[in-house]
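Single-structure report; data block below.
The values are calculated or read from the model by the stated rules, or taken from the named source; none is laboratory data. Every value quoted in this text rests on a predicted model; they were computed, and no experiment measured them. Here the Cβ positions follow ideal geometry from the backbone for every residue, glycine too, while neighbour counts run over all protein chains shown. For the accessible areas, the whole protein counts, side chains as well, though only heavy atoms, and no ligand, DNA or RNA atoms are used. Shrake-Rupley method; radii C 1.70, N 1.55, O 1.52, S 1.80 Å.
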There are 2 protein chains.
Amino acid sequence: MPAIRTARERAREELTREIKQEARRQLASAGAQQLSLRAVARELGMVSSALYRYFPSRDELLTALIMDAYTELGDAAEQALAATADAPARERWRALWQATRDWARANPHEFALIYGTPVPGYAAPKTTIEAAARLPLALFGLVREAPLNPTPPGPTPRGALPEQLTRFTATLAPGLPQHTLARAVSAWVQLIGLIGFELHGHLVGSFDPADDFFAWTIEQTADSLGL
Amino acid sequence: MPAIRTARERAREELTREIKQEARRQLASAGAQQLSLRAVARELGMVSSALYRYFPSRDELLTALIMDAYTELGDAAEQALAATADAPARERWRALWQATRDWARANPHEFALIYGTPVPGYAAPKTTIEAAARLPLALFGLVREAPLNPTPPGPTPRGALPEQLTRFTATLAPGLPQHTLARAVSAWVQLIGLIGFELHGHLVGSFDPADDFFAWTIEQTADSLGL
């Protein structure tokens with residue numbers, strides 16, 4: 001960030017912030033599919049043409065909200081790891097899972113925006129990939145760095161999977177045994193899947209409140225990885 | 001169904017079918033959050049007041065679509081079990097998972113309607129619970145009836161979880177050991193979570209196509225259950 005910002009730059013930043021804040025309110029009240037630049041402009045008392053100078057299209061506003069959500073979640077995940085840097089790996093695994101759930105419960109609409117139903121007609125641009133990767137990379141990185149107890153190899157990867165695993169370990173988790181990576185990816189699916197089940201009401205009447213089933217799942221995935 | 005239906009009854013059924021068909025088209029093109037009775041009426045060349053006689057509100061139309069989706073998915077799951085009634089349990093487990101994925105891939109918008117982001121302001125009525133339970137009950141029922149290899153007990157359930165598991169086994173899966181039920185619920189979360197990851201683009205660039213990672217997950221969950 002430059003040391004000196006002009007009044008115009010500051011005003012632009014402030015208005016960008018307000019536009020995104022109003023857009024997030026609309027995610028909660030109407031849903032991402034209904035997000036409309038016109039409605040945002042109206043709520044802020046702006047003319048649409050002024051808003052278009054900040055976000056030329058609904059898609060660019062959506063992308064900004066998605067980037068913010070992935071960034072906040074990535075920050076929460078990485079902070080959980082930083083705060084437990086000297087703790088045993090299993091404790092760090094717990095901290096990472098809990099930080100993810102805490103963020104999602106505090107920001108259910110932003111969680112749904114990134115891990116829920118896609119908005120028809122919208123495709124997230126490649127610029128979101130890096131932010132999106134922060135949570136899974138935090139999970140896989142923890143596992144890669146941890147001293148792991150030996151675990152049974154489990155099912156044999158078949159078809160395209162061995163090559164997919166090889167490519168994945170080479171680029172993102174060098175040194176991780178393939179069956180461990182496959183389980184780590186499964187754990188990521190379980191983490192997000194379980195939070196979705198909780199937030200979207202699929203555990204009502206059975207495992208609601210979900211705190212203890214979530215805690216059990218943390219231990220179960222940690223066991224499967226040998227953490 | 002009564003043996004004799006009047007022409008008026010037949011016309012009503014036919015129109016109900018057409019309304020739902022048009023509404024499903026709108027799920028795909030605009031998303032569930034944007035579903036509007038007025039838009040459905042317009043597409044069908046009806047006046048809104050005529051449509052209201054079939055579906056008095058957007059919520060009732062949504063509920064009908066949700067019921068249909070849960071029913072189709074439940075049918076697919078139960079047919080997979082019926083078609084493999086004499087097969088080994090692990091083969092039935094595979095058939096059930098594949099049938100769920102096949103249905104979801106053929107009906108991604110209906111899958112998102114029931115397992116994706118909820119529609120703001122809409123709460124599914126209790127009448128949907130029975131249809132919603134068919135897939136998890138198919139999963140748990142298969143596990144309950146199968147001869148299971150012994151598996152390590154895994155993490156100890158804590159807090160509210162032992163009581164939640166007891167209540168759940170008593171009503172829905174009598175005789176199933178608690179640690180097996182917890183793993184079966186986890187498997188349900190993994191099944192839905194992985195299909196969501198696949199359909200919503202989270203595996204692009206890593207485990208896409210997802211066929212073989214899906215197949216690996218089937219074996220891995222079957223192993224964990226002792227199937």
Residue list for segment A:173-188, restricted to those being aliphatic (A, V, I, L, M), more than 8 Å from chain B (Cβ to nearest Cβ) and assigned to a helix (DSSP H, G or I):
A:Leu181, A:Ala184, A:Ala187
Among (1) open to solvent by 60 Å² or more (accessible area, probe 1.4 Å); (2) assigned to a helix (DSSP H, G or I); (3) more than 20 Å from B:Phe214 (Cα to Cα); (4) at pLDDT 95 or above, there is one condition B:Ser49 misses while meeting the rest; what is its number?
(4)
Scanning segment B:169-195 residue by residue, those of a type in the set (A, V, I, L, M, F, W, C), modelled with pLDDT under 95 and touching a Lys or Arg at 6+ places or on another chain (Cβ under 7 Å) turn out to be B:Ala173, B:Leu176
Among B:Glu91, B:Glu72, B:Glu18, the single one that is part of a helix (DSSP H, G or I) and farther than 23 Å from B:Leu135 by Cα is B:Glu18
If you go through segment B:209-224 one residue at a time, do you hit one that is under 27 Å from B:Ile114 (Cα atoms) and not in a helix (DSSP H, G or I)?
yes
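Matching residues to (1) within 7 Å of chain A (Cβ to nearest Cβ); (2) in contact with a Cys (Cβ under 6 Å, 6 or more places away or on another chain); (3) open to solvent by 50 Å² or more (accessible area, probe 1.4 Å):
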| residue | (1), (2), (3) |
| --- | --- |
| B:Pro150 | no, no, yes |
| B:Thr156 | no, no, yes |
| B:Gly159 | yes, no, yes |
| B:Leu165 | no, no, no |
| B:Gln190 | yes, no, no |
| B:Phe197 | yes, no, no |
| B:Ser206 | yes, no, no |
| B:Asp212 | yes, no, no |
| B:Glu219 | yes, no, no |
Of the residues in segment A:52-75, those that are within 14 Å of chain B (Cβ to nearest Cβ), farther than 17 Å from A:Ala104 by Cα and open to solvent by less than 20 Å² (accessible area, probe 1.4 Å) come to A:Leu62
Out of contact with any Leu (no Cβ under 8 Å at 6 or more places or on another chain), in a loop (DSSP other than H, G, I, E, B) and touching a residue at least 12 places away in the same chain (Cβ under 8 Å): does that describe A:Gly121?
no
Only one residue in B:Leu73, B:Leu27 is of a type outside the set (Phe, Trp, Tyr), touching a His at 6+ places or on another chain (Cβ under 7 Å) and within 21 Å of A:Pro118 (Cα to Cα). Which one?
B:Leu27
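If I filter segment B:136-143 for residues that are facing another protein chain (nearest Cβ under 8 Å), open to solvent by less than 30 Å² (accessible area, probe 1.4 Å) and modelled with pLDDT of 95 or more, do I get at least one hit? Spell out how you get there, then give the answer.
Filtering segment B:136-143 for residues facing another protein chain (nearest Cβ under 8 Å) gives none.
The answer is no, given that none of the residues of segment B:136-143 is facing another protein chain (nearest Cβ under 8 Å), open to solvent by less than 30 Å² (accessible area, probe 1.4 Å) and modelled with pLDDT of 95 or more.
Residues in segment B:24-44 that are touching a helix residue (DSSP H, G or I) at 6+ places or on another chain (Cβ under 7 Å) and away from chain A (no Cβ under 14 Å): how many?
From segment B:24-44, those touching a helix residue (DSSP H, G or I) at 6+ places or on another chain (Cβ under 7 Å) are B:24, B:26-28, B:30-41, B:43-44; that's our starting set.
Filter again for away from chain A (no Cβ under 14 Å), leaving B:37-38, B:40-41, B:43-44.
Here the count works out to 6.
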For segment A:160-168, indicate whether the set of residues that are in contact with a Lys or Arg (Cβ under 6 Å, 6 or more places away or on another chain), among the β-branched types (Val, Ile, Thr) and part of a helix (DSSP H, G or I) is non-empty.
no
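Could you please find all residues in segment B:141-159 being touching a Ser or Thr at 6+ places or on another chain (Cβ under 9 Å) and assigned to a helix (DSSP H, G or I)? Break it down into steps so the answer makes sense when it comes.
Kept after step one, since they are touching a Ser or Thr at 6+ places or on another chain (Cβ under 9 Å), are these residues of segment B:141-159: B:143-144, B:148, B:151, B:154-155.
Within segment B:141-159, B:Val143, B:Arg144 qualify.
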With within 9 Å of chain B (Cβ to nearest Cβ) and either farther than 25 Å from A:Asp223 by Cα or in contact with a strand residue (DSSP E or B) (Cβ under 7 Å, 6 or more places away or on another chain) (or both) as the only criterion, which of A:Ala132, A:Ala106 stands out?
A:Ala132
